[in-house]
Amino acid sequence: MERVCKNCNHIFYEKHNYCSNCGSKWIENRITMRNVAADFGDMYLGIDTKFVRTFLDMFTKPRDVINGYIKGRRMNYVDAIRYLFISLFFTGITVFVMKHTEIEFLNTSDLIDMYKRMGIPEKDAITQANAFSQSTEFTQNYMSIIVLLSIPIYALWGRITFWGKKNYNYTEQLVIQMYSYSQYAIATTPIAIAILVLAPDYYGVYTIFTLLTLFLYNVYVYQQLFKLDLAQTVMRSLLFFVVAIVSYIGLIILVVLAMIIGMIVFKLLI
């Protein structure tokens with residue numbers, strides 16, 4: 001007897017429980033809550049699932065995960081795009097908790113007092129405090145978009161940093177950054193939530209610490225991918241840092257020039 005796969009219509013022998021074409025399991029009985037629970041456990045809770053395996057191996061052997069995806073071996077690990085969207089879900093949880101937590105460094109009145117103690121006039125202090133609060137709110141509301149836009153920039157920095165090496169092109173650098181950021185976001189979410197709930201006033205300090213952690217983890221990933229020794233790792237890390245600083249300065253200059261040109265054009269049109 002033969003069976004026709006319900007997913008790809010491929011014909012295979014009845015004694016086989018899985019389709020030889022797409023790998024789907026043959027299911028005859030009606031779905032039950034037990035089936036749903038089993039599927040959920042196999043997909044998300046089992047120690048041998050793709051997600052858990054990807055998460056653990058991104059700590060111990062990121063080279064295998066990233067190179068596996070780039071070279072087409074994608075059965076053992078979560079693909080880069082899906083892993084990124086999983087991380088955005090974790091980031092969304094952090095943002096949700098943050099919005100419902102009173103954090104000292106986000107308090108406008110405290111910011112105004114701090115600016116006044118720095119000698120800034122009250123009117124200017126209020127303006128700067130409101131601007132900071134608005135920028136923070138904007139960052140919270142559009143965190144996912146900001147992350148998606150920043151990854152291509154980080155990939156470009158990585159490509160410039162390792163310009164002399166032909167191991168990874170720009171698209172492959174995108175894959176590296178997607179896995180690297182996703183791992184950082186997923187790993188730090190439980191810690192971030194714990195701090196927001198238990199000690200929200202220290203979240204600002206924690207944020208600075210996590211930025212350093214992200215940089216160091218990136219260094220570790222690149223060290224594993226390019227098999228760098230200690231001296232090479234330090235030199236490439238410094239070069240990456242210089243590229244980032246120059247990029248930020250260049251961006252600021254472009255923004256200022258755009259504002260000046262805009263003001264000149266506006267005055268000419270009046």
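Readers should treat all values here as calculations from the given coordinates under stated rules, not as data from a laboratory. On a predicted model such as this, the values are computed, not experimentally measured, just so you know.
Points to keep in mind about this one:
- Distant alpha-carbon pairs in the range 47-227 (separation over 26 angstrom), percent: 40 percent
- Gyration tensor over alpha-carbon atoms, the range 156-260, equivalent ellipsoid semi-axes in Å: 27, 22, 13
- The range 47-227: relative contact order in percent, alpha carbon pairs under 8 Å with at least 6 residues between: 32 percent
- Here the extension length gained between Ala244 and Met75 equals 57.4 nm, from 0.36 nm per residue of separation less the Cα-Cα distance.
- Gained length - Arg34 relative to Thr60, 0.36 nm times residue gap less alpha-carbon distance: 5.9 nm
- Full-stretch length increase - Lys6, Thr207 - with 0.36 nm per residue and alpha-carbon distance subtracted: 67.5 nm
- Cα-Cα over 19 Å, subset of Lys123/Lys267; Lys25/Lys50; Lys61/Lys227; Lys165/Lys227: Lys123/Lys267
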